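Everything below concerns the one structure shown next.
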Amino acid sequence: MFEEKLIPLERWITTFVEWLVDNHREFFQLIKWPVEQTLSGFDTGLNAIPPVIVILFLAICAWRFSGWGLAVFTLVAMTFIGFLGFWEDTMTTLAMVLASVLFCTIVGVPFGIATGRNDRFEKILRPFLDAMQTTPSFVYLVPIVMLFSVGNVAGVLATIIFAMPPIIRLTSLGIRQVHPELVEAALAFGATRTQVLLKVQIPLALPTILAGLNQTIMMALAMVVIASLIGAGGLGSPVILGLNTLDIGLAVVAGLSIVLLAMVLDRITQSMAGKKYE
């Protein structure tokens, strides 16, 4: 019964993407420009700063939000990455993650607030978030390459799409978890809806929002590695090179650097969220 394709959906999708490329290239270049400038700034800045300063800054952040244990781990982990010879690749990966998370936050937090305060908008947006989270990460790469070419910027754009759902969902959850009586009390005292949002709902939802930020960072870090398949740099490049040349040592050492960077970022952002509960 289903031996032949009766619905050539793949051909329709290909035709649609080709139409977008042929007729709306200027629009996609307009989207690409701020991402390119932001990524370039982060990448140039992080690679220009002496490694000692970057390591000390991360260690101080770890100490500030968690304590000496995480600070020492951060110091040792980042120093070890430097000794492995992957410092420049690590900074490029970190720049891609920071650029991706910045745009995820700029877009995701307002969308999360909107879905948290509006049930109808939440129902409309939910299927799109489901699709963004369940679509295999490799599927994003082909249309991204067609629309934005290859390289670090294309990798960041793919990462933004892949990593945005958690911050939207958890921002929405945080807003919805604010007790209705607190909102009613603020309104009863004459606060506007904007004041209620800024003075009541966002401060109380902040731990949950930061948890969403943590998840977005982790998903972004995973995706920027996969984005090396479309020419993105960073730590994903030696992993892909090790895979292609069957150089297990190169792949494992680059993968270890990714793991250590992920652990540092994860622990620091988790500690930031935990501080808000105290």
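Between Glu181, Glu122, Glu26, where does the largest GNM mean-square fluctuation fall for the chain, given springs only between Cα atoms within less than 10 Å?
So, out of Glu181, Glu122, Glu26, the one fluctuating most is Glu181.
Quick one: if the Förster radius is 22 Å, what FRET efficiency do Met263 and Arg64 give, using the C-beta to C-beta distance and rounding to 0.05? Working shown, then result.
Details: r = 18 Å, r/R0 = 0.80.
E between Met263 and Arg64, to the nearest 0.05, is 0.80.
Taking 7 Å along the Cα-to-C-beta vector as the label spot, tell me the Val21-Leu102 distance in nanometres, rounded to one decimal.
2.9
Using the count of nearby Cβ atoms within 10 Å as a rough guide to exposure, how do Leu30, Leu221, Leu235 rank from fewest to most?
Numbers: Leu30 10, Leu221 25, Leu235 28.
The fewest-first ordering by Cβ neighbours comes to Leu30, Leu221, Leu235.
Let a ≥ b ≥ c be the square roots of the eigenvalues of the Cα gyration tensor of the chain; is it rounded (a/c under 1.5), or, if not, prolate (a/b larger than b/c) or oblate? Mind showing how you got there, number by number?
Working: a/c = 2.01, a/b = 1.07, b/c = 1.87.
It comes out oblate by the Cα gyration axes.
Which ordering of Lys32, Lys199, Lys123 is given by a fewest-first count of other beta-carbon atoms within 10 Å? Write out the running numbers ahead of the final one.
Numbers: Lys32 17, Lys199 13, Lys123 10.
Listing Lys32, Lys199, Lys123 from fewest to most nearby Cβ atoms yields Lys123, Lys199, Lys32.
Rounded to two decimal places and with Rh computed the Kirkwood way over Cα pairs, what is Rg over Rh for the stretch 112-255? Don't skip to the end; give the middle numbers.
Details: Rg = 19.9 Å, Rh = 17.3 Å.
Computed over Cα atoms, the ratio is 1.15.
Which of these, Thr135, Thr15, Thr44, has the largest mean-square fluctuation under a Gaussian network model of the chain (Cα springs below 10 Å)?
Thr15
Please compute the length gained on full extension between Glu88 and Asn47, using 0.36 nm multiplied by the number of residues separating them and subtracting their Cα-Cα distance. Mind showing how you got there, number by number?
Working: separation 41, 0.36 × 41 = 14.76 nm, distance 0.64 nm.
Additional length available on full extension: 14.1 nm.
What is the stretch 47-90 by shape, rounded, prolate or oblate, if you read a ≥ b ≥ c off the alpha carbon gyration tensor as root eigenvalues and call it rounded for a/c under 1.5, prolate for a/b larger than b/c, and oblate otherwise? Display every interim value, and only then the final one.
Values: a/c = 3.12, a/b = 1.71, b/c = 1.83.
In terms of gyration-tensor shape, oblate.
Please check: in the Gaussian network model of the chain (C-alpha springs, under 10 Å), which one of Gly155, Gly85, Gly236 has the largest mean-square fluctuation.
Comparing Gly155, Gly85, Gly236 in the GNM, the peak value goes to Gly85.
With r defined as the distance between the Cβ atoms of Ala185 and Leu241 and R0 fixed at 51 Å, what FRET efficiency is calculated, to the nearest 0.05? Don't jump to the answer; show the numbers that get you there.
On the way: r = 59 Å, r/R0 = 1.16.
FRET efficiency, Ala185 to Leu241: 0.30.
Per 0.36 nm of contour for each residue apart, how much would the distance between Asp130 and Leu30 grow if the chain were fully extended, relative to their Cα-Cα spacing? Could the numbers behind the result be given before it?
Working: separation 100, 0.36 × 100 = 36.00 nm, distance 2.69 nm.
So the extension gain works out to 33.3 nm.
Every number in this text was worked out from the coordinates using simple rules, so none of it is lab data. All values derive from a computational prediction rather than experimental measurement. In this analysis, Cβ positions are derived from the backbone assuming ideal geometry, glycine residues included, and neighbour counts consider all displayed protein chains.
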